[in-house]
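Chemist: Before I ask anything, here is the structure I am working with.
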2 protein chains.
Amino acid sequence: MEQADLDTLVEFLRFPSISTDSASRGHVNDCADWLVDRLKRGGLDVEKHPTPGHPVVLAKNNHRPDRKTVMIYGHYDVQPVDPLELWDHPPFEPHIEGDRIFARGSTDNKGQLLAHLLGVEKTLAASRDLPVNLIFLFEGEEEIGSPNLEPFLKEHAETLACDVVAISDTGMVAPGVPTFTYGLRGIACLEVALKGPSTDLHSGIYGGAVANPATAVAQLAASLHDRLAGRVRIEGFYDRVAPLEDWESEAWAALPMGDKEMVELTGVPTLYGEEGYSSLERVWGRPTAEVNGIGAGYQGEGSKTVIPAEAMLKLSFRLVPDQDPKDVMALAQQHLEAACPAGLTMEIEMGHHGKPYKVDPHNAFGKAAQHALETTFGKTPALIREGGSIPIVQSFKDVLAADTLLLGLALPDCRAHAPNENFSLENFAAGIRLNQNLLEALAAEAS
Amino acid sequence: MEQADLDTLVEFLRFPSISTDSASRGHVNDCADWLVDRLKRGGLDVEKHPTPGHPVVLAKNNHRPDRKTVMIYGHYDVQPVDPLELWDHPPFEPHIEGDRIFARGSTDNKGQLLAHLLGVEKTLAASRDLPVNLIFLFEGEEEIGSPNLEPFLKEHAETLACDVVAISDTGMVAPGVPTFTYGLRGIACLEVALKGPSTDLHSGIYGGAVANPATAVAQLAASLHDRLAGRVRIEGFYDRVAPLEDWESEAWAALPMGDKEMVELTGVPTLYGEEGYSSLERVWGRPTAEVNGIGAGYQGEGSKTVIPAEAMLKLSFRLVPDQDPKDVMALAQQHLEAACPAGLTMEIEMGHHGKPYKVDPHNAFGKAAQHALETTFGKTPALIREGGSIPIVQSFKDVLAADTLLLGLALPDCRAHAPNENFSLENFAAGIRLNQNLLEALAAEAS
């Protein structure tokens, strides 16, 4: 690991580029400017495109018609940092301990994005050229569902035309085990607001005569699951779920991770999930309904005996092929409307959403990606799906007709989206080499 | 209304004496000191007693063995003020508009306490004596369940011996309608903490394989009620509930308040409650389980797709004769333990509690109180119960063997415990006269 590369990573991680927080807007933009400057210095043609949200940064080498065109996508925005008190070090003051660098965005996705950027820089510095036509596409809205990326792709479809897309924003099944991800879950988010009395009420004076929004929001959230079977109880939710293929269940059962690792990684007292499936099947191949946030009434120290005036509920659904996020949102809305308790009013706001994704890992580009992984890590890659969502992967397919290669560098204990997020410096270095091996392998596939 | 009395009220309301908030400890103590000073200047013997929590302020006139001894109780602590943004004026900067003064504590209980204090001051200034032996007992922990008051009563039982207790901390059924309250609901509070994963998790990477504490807390809260019948579903909860007496239902049905007023006062879209009862019966004569606070996960702007590591739930039960708060807490604990979803750990913390209270409104002191109300307001008083809880009323019965007269001055729209709490200045002035009429009526009863 060159010190200069590490210094660059630290610089990049210092930007608090939290895309969901409107107060951080300036920081997100500063981070985009930093990328523009860095890419220019590396020798690429760079454009910063404003959007109705945060900017897209686009960079290209000198394209030649006789070469394959490869787009590498990444995102420079990060998740919020709360609960801040659970971080051992400030989230935007990168801290190195052993092989890990701790900071918000270190794994998701700045560290992985930067590995590709540095790989390209080094190749250009050494050879003055790349083996392929390269497009870097870096956005600042992935953590809020990339609302402006698909419109951007459509508007710039010609400029962005490519043969294949590569992304490092997924995980490795274990340290040192190269991993090729051929499927992702989709996502559909929505938020529910319940209103009861016009103001918080004294629960002694009025308790018993009015519906309590805090109780009602709990009843709504509880209506989403069959607790005993761990299944989602929304009518029609499973109708379009494609069953797992036999080879997938077999391959996953042979991986160096499973229920035991799931308990260790999460720290839960016991596992819990849909009956009849292993942990990996549950997170990679089955859909979920999750409460990401619920809140009403007094949550501070001590007690306050109120009936709150309102309550909120943030839900997200993780989807698998062939579920459609818009269908699921409509089913969820029907369910919530039917389940809404009496005596209050409900508003549902649809949030971001993205389709689930699955490709054949055995096509030509897939094989090239696996070859690059094997060259970089010296091992046969694991073939997996992932439980997370990268909705734009489906947009690349829909708008640019390009498959996406997911070559992740995140370790299972990287704590993405959580306090003490971290990135393995070994994987950072491997990522730089992987970029170089990947562009070569894809160029060879092209010839 | 004398300007000096109003100025005194404003001074008293400026103290942010929030007893549940440890950061406000100094303010609670300052408020006690203000009372001590005021009572001394009024000509009473005053003692400030420290407790493990907030101080008790005790004041007496010159006691004579040939007179009845009357204790007047009040509390100088107040509820928290959040959600602060819903206040039209800062809660500790009293604001007068029309007949109302707006401030936290204006009705509950500083305004009503001060009316008694000023009534006594005026009588002493005019006659140099009172018609009874008076004990003022003012505490700073009513809003947190008076944890140190019963021990204080026991320790000072001889000093505090009295024939009857009077409290103005209840409501009037409508403006201008004097109201004598002969029953109160009891209370039992508890808090539940659920813990799942050791840290917040990415709901894509882990969703489906672990129990979600946000979902689980909703399931727990939802388990408390039969939604359709509006009844509490805890086994044994209703076993000791005494049915309403026929005369009560009849008297309440004739009051100038009911379902229509309940909708107007609360602003709910529709009423909701236990089947088979009127709104007044539901709040005065039936027990409840209320969620006062529920919280887990991300409640800020936008979305954050986490499985939270923990969740919290604050519950309170309002109890009616002959329910016992400790029994109910034990039943609730059993219920919660049995209902706790798999895959997480639960901790239950018992909170404050107090027995329900009911006296015969037709005994001698009750009649004297009704006489004082009639003299003050020029109307026959309404006889009601109230839904709120004043647990120490039961303590006065248990420790001092004294009944309590509840002569409330709170109007239905006073917003106690809520933003924009306010007190009627007309009732403030009436309260001063009521104190004078009450002491006379009780003295006459004694002769």
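Chemist: Going by amide H atoms built from the backbone, whose H comes under 5 Å of the H on residue B:403, apart from near neighbours?
Modeler: Under 5 Å from the amide H of residue B:403 lie the amide H atoms of B:165, each far enough along the sequence or on another chain.
Chemist: Next question, about the same structure. Would you look at the GNM of chain A, springs on alpha carbons closer than 10 Å, and say which of A:198, A:22, A:146 moves the most?
Modeler: Fluctuation is largest for A:198.
Chemist: Also, quick follow-up: Using only Cα atoms, tell me the angle between helix B:112-127 and the longest principal axis of chain B; keep it within 0 to 90° and round to the nearest 10.
Modeler: 10
Chemist: What fraction of the Cα pairs in region A:1-154, stated in percent, has a spacing above 28 angstrom? Provide the component values of the computation, followed by the final result.
Modeler: Numbers: 2500 of 11781 pairs.
When every Cα pair of region A:1-154 is considered, 21 percent fall beyond 28 Å.
Chemist: Specify whether the C-alpha gyration tensor of region A:321-361 places it in the rounded, prolate or oblate class, a ≥ b ≥ c being the square roots of the eigenvalues: rounded for a/c under 1.5, otherwise prolate if a/b is larger than b/c and oblate if not. Could the numbers behind the result be given before it?
Modeler: Working: a/c = 5.58, a/b = 3.03, b/c = 1.84.
Here region A:321-361 falls in the prolate category.
Chemist: What percent does the relative contact order of chain A come to when contacts are Cα pairs within less than 8 Å and at least six residues apart?
Modeler: Values: 938 pairs, mean separation 117.7, N = 447.
The normalised contact order for chain A reaches 26 percent.
Chemist: How big, on average over all directions, is the shadow cast by the Cα convex hull of chain A, in nm²? Provide the component values of the computation, followed by the final result.
Modeler: Values: hull surface 89.8 nm².
For the Cα atoms of chain A, the hull's average projected area reads 22.5 nm².
Chemist: For the protein assembly as shown, what does the alpha-carbon gyration tensor say about shape, rounded, prolate or oblate, given a ≥ b ≥ c as the root eigenvalues, a/c under 1.5 as rounded, and a/b over b/c as prolate? Mind showing how you got there, number by number?
Modeler: Working: a/c = 3.02, a/b = 2.43, b/c = 1.24.
Because a/c hits 1.5 or more and a/b exceeds b/c, the protein assembly as shown counts as prolate.
Chemist: Then there's this: So the label point sits 7 Å from Cα along the Cα-to-Cβ vector; using that for residue B:264, what distances do you get to the other copies, in nanometres, sorted shortest first?
Modeler: Ordered by increasing distance: 6.8 nm.
Chemist: Also: Wrap a convex hull around the Cα atoms of region B:386-432, take a quarter of its surface area, and give that in square nanometres.
Modeler: On the way: hull surface 17.1 nm².
Seen from a random direction, the Cα hull of region B:386-432 projects 4.3 nm² on average.
Chemist: Sticking with this one: Which Rg and Dmax, in Å, describe the Cα atoms of region B:187-275?
Modeler: Just the Cα atoms of region B:187-275 yield Rg and Dmax of 20.3, 62 Å.
Chemist: What residues qualify as long-range amide H neighbours of residue A:96, i.e. H under 5 Å apart, gap of 5 or more or another chain, H built at 1.01 Å from N?
Modeler: It is A:102, by chain and number.
Chemist: In whole Hz, with x marking every Gly and Pro, tabulate ³J(HN,Hα) for region B:408-416 from phi via Karplus 6.51 cos²θ - 1.76 cosθ + 1.60, θ = phi - 60°.
Modeler: Each residue of region B:408-416 in turn: x, 10, 7, 8, x, 9, 7, 6, 4 Hz.
Chemist: Could you size up the charge dipole of chain B around its Cα centre, putting +1 on the beta carbon of Lys and Arg and -1 on that of Asp and Glu, and report it in debye to the nearest 20? Before the final figure, lay out each step's value.
Modeler: Details: 37 positive and 64 negative charges, 65 e Å.
Using Cβ point charges on Lys, Arg, Asp and Glu, chain B gives about 320 debye.
Chemist: Under a Cβ-only charge scheme (Lys and Arg +1, Asp and Glu -1), can you give me the dipole magnitude of region A:212-269 about the Cα centre, in debye to the nearest 20?
Modeler: Roughly 440 debye for region A:212-269.
Chemist: Over region B:26-77, with a single point scatterer placed on each C-alpha, what log10 of the ratio I(q)/I(0) does the Debye formula yield at q = 0.13, 0.15, 0.18, 0.29 1/Å?
Modeler: Treating every Cα as an identical point scatterer, log10 I(q)/I(0) equals -0.35, -0.46, -0.63, -1.22.
Chemist: Moving to a separate point now. Divide by every residue of the protein assembly as shown the summed helix terms, -39500 (n - 2.57) for each DSSP H run of at least 4, and state the resulting mean residue ellipticity at 222 nm, rounded to the nearest 500 deg cm²/dmol. Please list the in-between numbers first.
Modeler: On the way: 24 runs with 288 residues, N = 894.
Here the helix-only value at 222 nm equals -10000 deg cm²/dmol.
Chemist: Work out, in µm²/s and without decimals, the Stokes-Einstein translational diffusion coefficient of region B:1-91 at 20 °C, 1.002 mPa s, Rh from Kirkwood over C-alpha pairs.
Modeler: Working: Rh = 15.2 Å.
Once the numbers are plugged in, D ends up at 141 µm²/s.
Chemist: Between residue A:411 and residues 5 or more places away or on another chain, which pairs have amide H atoms under 5 Å apart, with H built 1.01 Å from N, and which residues are they?
Modeler: Counting only residues 5 or more places away or on other chains, the set is A:172, A:424.
Chemist: Cα centroid distance between region B:140-159 and region A:365-428, in Å?
Modeler: Going from one Cα centre to the other spans 64 Å.
Chemist: Pick from B:432, B:348, B:384: which is most flexible by mean-square fluctuation in a GNM of chain B where alpha carbon atoms under 10 Å apart are linked?
Modeler: The residue with the greatest mean-square fluctuation here is B:348.
Chemist: HN-Hα J couplings of region B:132-146 from phi, Karplus 6.51/-1.76/1.60, θ = phi - 60°, integer Hz, Gly and Pro as x?
Modeler: Coupling constants for region B:132-146: 9, 7, 10, 10, 8, 10, 10, 10, x, 9, 5, 6, 10, x, 6 Hz.
Chemist: So if a site counts as exposed when it's one of the GluC sites (Glu not before Pro), its DSSP state isn't H, G, I, E or B, and it has at most 16 other Cβ atoms within 10 Å, what's the longest stretch of chain B without one? Walk me through the numbers before you get to the answer.
Modeler: Working: sites that count: B:2, B:158, B:235, B:245, B:275, B:301.
In chain B, the maximal stretch lacking such sites is B:3-157.
Chemist: For region B:277-326, what is the convex hull (Cα atoms) projected area averaged across all directions, in square nanometres? List each step's numbers first, then the result.
Modeler: Working: hull surface 23.7 nm².
Mean projected area of the Cα convex hull: 5.9 nm².
Chemist: Related question: Starting from the Kirkwood radius over alpha-carbon pairs of region A:143-201, derive D by Stokes-Einstein at 10 °C in a medium of 1.306 mPa s and give it in µm² s⁻¹. Before the final figure, lay out the partial values.
Modeler: Numbers: Rh = 16.6 Å.
Rounded, D is 95 µm²/s.
Chemist: Out of all DSSP beta bridges with both ends in the protein assembly as shown, state the antiparallel percent to the nearest 5.
Modeler: On the way: 103 of 149 bridges.
Given both bridge residues lie in the protein assembly as shown, the antiparallel proportion sits at roughly 70 percent.
Chemist: Additional query: Express as a percent, rounded to the nearest 5, the fraction of DSSP beta bridges in chain A (both residues included) that run antiparallel. Working shown, then result.
Modeler: Details: 49 of 72 bridges.
The antiparallel fraction comes to roughly 70 percent.
Chemist: Continuing with this model, one more query. Once Rh for region A:314-442 is found with the Kirkwood sum over Cα pairs, what is the Stokes-Einstein diffusion coefficient at 20 °C and 1.002 mPa s, in µm²/s?
Modeler: Numbers: Rh = 17.9 Å.
Answer from the Stokes-Einstein relation: 120 µm²/s.
Chemist: For region A:160-229, build the convex hull from the C-alpha positions and give me its volume per residue in Å³. Intermediate results must be reported in sequence, preceding the final value.
Modeler: Values: hull volume 18.0 nm³, N = 70.
Spread over its residues, the Cα hull of region A:160-229 gives 257 Å³ apiece.
Chemist: To continue, here is another question. What Kirkwood Rh does region A:67-145 have if only Cα atoms enter the pairwise 1/r average? Answer in Å.
Modeler: Working: mean 1/r = 0.0688 Å⁻¹.
Hydrodynamic radius (Kirkwood, Cα pairs) of region A:67-145 is 14.5 Å.
Chemist: Distances from residue B:362 to the same position in the other copies: list them in nm, one decimal, shortest first, using label points 7 Å from Cα along Cα→Cβ.
Modeler: List, nearest first: 9.2 nm.
Chemist: Which value, in debye to the nearest 20, describes the size of the charge dipole of region B:332-425 about its Cα centre when Lys and Arg Cβ atoms bear +1, Asp and Glu Cβ atoms bear -1, and nothing else is charged?
Modeler: Details: 7 positive and 10 negative charges, 80 e Å.
It comes to approximately 380 debye.
Chemist: For helix A:364-377, report the angle its Cα long axis makes with the longest principal axis of the Cα atoms of chain A; keep it between 0 and 90° and round to the nearest 10°.
Modeler: The angle comes out at about 80 degrees.
Chemist: Just list whichever of B:60/B:379; A:314/B:304; B:48/B:110; A:110/A:314; A:326/A:397 have alpha carbons separated by over 20 Å in the model shown.
Modeler: In this structure, B:60/B:379; A:110/A:314 lie more than 20 Å apart at Cα.
Chemist: Which shape class, rounded, prolate or oblate, goes with region B:235-313 when its Cα gyration tensor gives a ≥ b ≥ c as root eigenvalues, a/c under 1.5 marks rounded, and past that a/b bigger than b/c marks prolate? Intermediate results must be reported in sequence, preceding the final value.
Modeler: Working: a/c = 4.78, a/b = 1.93, b/c = 2.48.
Since a/c reaches 1.5 but b/c is at least a/b, the shape of region B:235-313 is classed as oblate.
Chemist: Please provide three numbers in whole Å: the alpha-carbon extents of region B:231-365 along the principal axes, with the largest listed first.
Modeler: 59, 34, 29
Chemist: Which Cα, out of B:391, B:329, B:380, lies furthest along the positive dipole direction of region B:266-423 (beta carbon charges, K/R +1, D/E -1)?
Modeler: Positive-end residue among those listed: B:380.
Chemist: Report, to the nearest 10°, how far helix B:425-446 tilts away from the longest principal axis of the Cα atoms in chain B, using its own Cα long axis and a range of 0 to 90°.
Modeler: The angle comes out at about 60 degrees.
Each reported figure results from applying straightforward, stated rules to the coordinates on display, with no laboratory input. In this text, all values refer to a predicted model and were calculated from it rather than measured experimentally. Note that each Cβ is placed from the backbone with ideal geometry, even for glycine, and that neighbours are counted across all protein chains shown.
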